[in-house]
Number of protein chains: 2
Amino acid sequence: MTAIADSRLPRYLLIRDQLHQRILSGEWKPGALIDAESVLAERYEVALGTMRKAIEQLVSEGLLERRHGVGTFVRRASFETSLFRFFRFTSATGERVVPESQILEVQVATAPEEVRRHLQLPAGSEVVMVRRLRLIDGQAVQFEEISLPLPQFQAVATAEPADMPALLYPWYEQQCGQIVASAHEELMVEKVSSEHAQLLALQTGDPAIVIERVARDIAGAPIEWRRSRGAAERFHYHIDIR
Amino acid sequence: MTAIADSRLPRYLLIRDQLHQRILSGEWKPGALIDAESVLAERYEVALGTMRKAIEQLVSEGLLERRHGVGTFVRRASFETSLFRFFRFTSATGERVVPESQILEVQVATAPEEVRRHLQLPAGSEVVMVRRLRLIDGQAVQFEEISLPLPQFQAVATAEPADMPALLYPWYEQQCGQIVASAHEELMVEKVSSEHAQLLALQTGDPAIVIERVARDIAGAPIEWRRSRGAAERFHYHIDIR
DNA sequence: TGCCGCTAGTCCTATAGAGGAGTATAAGTA
DNA sequence: TACTTATACTCCTCTATAGGACTAGCGGCA
């Protein structure tokens with residue numbers, strides 16, 4: 001974070017870092033339009049080409065987004081690279097669909113060690129824990145356990161479960177002012193316990209994909225930890241190599 | 001492949017396509033040093049900056065590789081993004097290691113439908129099929145079935161199994177003149193059959209990761225299909241999202 | 001023999017400027 | 001009112017040029 005700005009570095013890299021800082025600091029929020037290239041070039045006292053190169057770096061890193069003829073914007077996190085997309089989430093009619101959400105439990109509790117570790121919380125911290133099923137055509141395809149730190153997510157603890165939408169991140173933003181800017185996901189395989197088997201209509205011991213996700217805000221602080229389990233049978237990942 | 005070169009496109013893109021073609025055609029082989037930027041710029045009658053931008057495109061696509069002060073090279077396929085890296089392949093001493101290879105069978109046969117489909121072969125084609133175990137510290141961690149089209153891979157059919165190295169691609173290049181330039185991998189989970197369980201020292205029904213790979217040559221023609229199975233327990237994937 | 005500096009060749013950074021192309025909005029016209 | 005045109009703003013492409021920085025190899029010197 002506090003990288004030493006080495007003035008021997010190329011100027012476009014120094015500027016890249018300064019722009020990056022303006023995003024991290026929250027001066028430029030996700031979705032916001034930033035100054036025009038020409039304005040920035042003048043402000044930072046470099047040629048237009050140099051400023052373009054600095055911006056290009058941030059675009060290729062996924063922090064900025066250009067729209068020809070309109071301007072350059074701070075990119076919102078898009079979860080199109082999430083591992084979840086490799087579940088065959090298709091409805092009876094065949095089209096891809098966002099699974100509905102069925103809240104099983106919302107509970108405020110002292111954070112277990114595992115949750116504390118992922119959310120970087122001190123011992124004794126309280127969290128909201130949400131357990132829910134995700135369903136397609138009424139059939140459970142995934143079981144999720146979501147942990148959120150307090151007091152930031154107090155609104156979740158007091159909300160009516162029926163009011164929680166299937167997609168939580170826009171809701172966090174609206175209800176709690178917490179913006180998810182990045183995330184890290186891990187994938188493992190396990191044999192389902194009898195408890196999970198029952199929830200997911202599987203046989204005990206069937207293989208399940210487990211995806212753990214730590215979501216972070218603009219400043220990089222962890223604000224959500226979730227663990228999802230789904231039938232491995234529905235999972236199919238692919239990748240190109242060259 | 002035969003994209004229409006639209007002259008309304010920016011020049012740097014047109015040049016990008018032409019350079020790309022020179023790689024695909026085999027004029028510039030993997031590992032080769034290409035002409036200097038300045039030479040190319042003159043040859044294609046554009047400014048240096050334009051040529052640099054064309055080359056930059058190919059670099060970011062992973063086809064070329066720059067070495068400051070030395071030159072620009074055609075990149076060899078590197079399998080550092082392969083899904084296999086997510087198996088915990090560590091020896092007793094803890095360091096990462098290339099598993100040894102133990103050939104179980106080398107067989108020439110008419111290609112089954114599944115193999116024909118992946119290698120794009122007509123009905124009745126013959127292939128070499130290699131079955132092998134991969135071991136760490138003498139313990140089987142993966143079972144692989146590899147299919148190679150004939151007559152290109154005749155040398156594999158007649159080779160002594162003991163002479164086949166653990167890493168096959170450099171060997172293909174040396175023995176058969178076939179260069180693997182890209183690949184596509186798919187990942188699934190299955191419950192192991194009793195046959196595979198025995199080979200991998202697992203219990204029948206334990207979860208296994210199945211990785212299927214189609215490897216292609218410079219021109220994009222499929223030249224190898226392989227299916228690998230390993231204990232899901234050893235598999236751990238992770239990804240960053242933003 | 002072994003070290004050191006020089007040099008040629010390469011890619012890398014940066015400048016200043018011109019005109020092209022896409023987009024949104026304001027102004028004009030039927 | 002409804003459509004078209006102008007315009008002002010944006011990012012995009014491209015030129016021509018200059019000097020910096022990195023690398024490999026050659027040749028001189030101890």
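Miscellaneous remarks
- Number of residues in segment A:200-228 that are within 25 Å of the chain's Cα centre (by Cα) and farther than 24 Å from B:R85 by Cβ equals 13.
- Unmet requirement for B:I239, which otherwise passes all of (1) crowded, with 17+ Cβ neighbours inside 10 Å; (2) in contact with a Leu (Cβ under 7 Å, 6 or more places away or on another chain): (1)
- Condition met for A:E65 (free of Cβ contacts under 8 Å to residues at least 24 places away in the same chain, of a type outside the set (F, W, Y) and within 16 Å of DNA strand D (Cβ to nearest atom)): yes
- Considering segment A:178-222, the residues that are away from every other protein chain (no Cβ under 14 Å) and free of Cβ contacts under 8 Å to residues at least 24 places away in the same chain include one that is surrounded by the most Cβ atoms within 10 Å (Cβ to Cβ), namely A:Q198.
- Qualifying residue in segment B:122-140 (condition: out of contact with any Pro (no Cβ under 8 Å at 6 or more places or on another chain) and of a type in the set (S, T, N, Q)): yes
- Sole residue being part of a strand (DSSP E or B) and either at pLDDT below 90 or not hydrophobic (A, V, I, L, M, F, W, C) (or both), chosen from A:S38, A:S101, A:S7: A:S101
- Residue count for segment A:58-69, restricted to those that are in a helix (DSSP H, G or I) and either surrounded by fewer than 18 Cβ atoms within 10 Å (Cβ to Cβ) or within 8 Å of DNA strand C (Cβ to nearest atom) (or both): 2
- Scanning segment A:45-56 for residues that are more than 8 Å from DNA strand D (Cβ to nearest atom) and surrounded by 18 or more Cβ atoms within 10 Å (Cβ to Cβ) yields A:V46, A:M51, A:A54.
- Flag for B:H118 being within 16 Å of DNA strand C (Cβ to nearest atom) and either exposed (fewer than 13 other Cβ atoms within 10 Å of the Cβ) or over 20 Å from B:P170 (Cα atoms) (or both): no
- Flag if B:E233 is within 14 Å of chain A (Cβ to nearest Cβ) and within 17 Å of the chain's Cα centre (by Cα): no
- Residue match in segment B:38-53 (condition: aliphatic (A, V, I, L, M) and within 25 Å of A:H238 (Cβ to Cβ)): no
- Taking the conditions (1) more than 23 Å from A:E105 (Cβ to Cβ); (2) within 14 Å of chain B (Cβ to nearest Cβ) in turn, A:E173 satisfies each one other than (2).
- Residue in segment B:176-199 that is touching a helix residue (DSSP H, G or I) at 6+ places or on another chain (Cβ under 7 Å) and among the polar types (S, T, N, Q) present: yes
- Any hit, segment A:106-122, residues being assigned to a strand (DSSP E or B), under 30 Å from A:I239 (Cα atoms) and away from DNA strand D (no atom under 16 Å from the Cβ): no
- Condition check for A:L167 on (1) buried (at least 17 other Cβ atoms within 10 Å of the Cβ); (2) more than 14 Å from chain B (Cβ to nearest Cβ): one failure, at (1).
- Filter pass, A:E173 being surrounded by 13 or more Cβ atoms within 10 Å (Cβ to Cβ) and of a type in the set (D, E, K, R): yes
- Positions within segment A:24-34 being within 14 Å of DNA strand D (Cβ to nearest atom) and buried (at least 17 other Cβ atoms within 10 Å of the Cβ), in sequence order: A:W28, A:I34
- Residue in segment A:70-98 that is nearest to the other protein chains (Cβ to nearest Cβ), counting only those that are assigned to a strand (DSSP E or B) and within 22 Å of A:Q178 (Cβ to Cβ): A:V74
- Complete set of residues in segment B:41-57 that are more than 8 Å from DNA strand C (Cβ to nearest atom) and part of a helix (DSSP H, G or I): B:A41, B:E42, B:R43, B:T50, B:M51, B:K53, B:A54, B:Q57
So that you can scan it fast, the table gives a plain yes or no per residue for (1) at pLDDT 95 or above; (2) of a type in the set (A, V, I, L, M); (3) surrounded by fewer than 18 Cβ atoms within 10 Å (Cβ to Cβ):
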residue: B:G94; (1), (2), (3): no, no, yes
residue: B:P122; (1), (2), (3): yes, no, yes
residue: B:S125; (1), (2), (3): yes, no, yes
residue: B:Q139; (1), (2), (3): no, no, yes
residue: B:E144; (1), (2), (3): yes, no, no
residue: B:F153; (1), (2), (3): yes, no, no
residue: B:E160; (1), (2), (3): no, no, yes
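- Single residue of segment B:12-23 satisfying the filter (away from DNA strand C (no atom under 14 Å from the Cβ) and within 14 Å of chain A (Cβ to nearest Cβ)) that is surrounded by the fewest Cβ atoms within 10 Å (Cβ to Cβ): B:H20
- All positions within segment A:70-79 that are closer than 17 Å to A:I23 by Cα and either of a type outside the set (S, T, N, Q) or within 15 Å of DNA strand C (Cβ to nearest atom) (or both): A:G71, A:T72, A:F73, A:V74, A:R75, A:R76, A:A77
The values are calculated or read from the model by the stated rules, or taken from the named source; none is laboratory data. In this text the structure is predicted, and so the values were computed from the model without any measurement. As a convention, Cβ positions derive from the backbone with ideal geometry for all residues, glycine included, and neighbour counts pool all protein chains shown.
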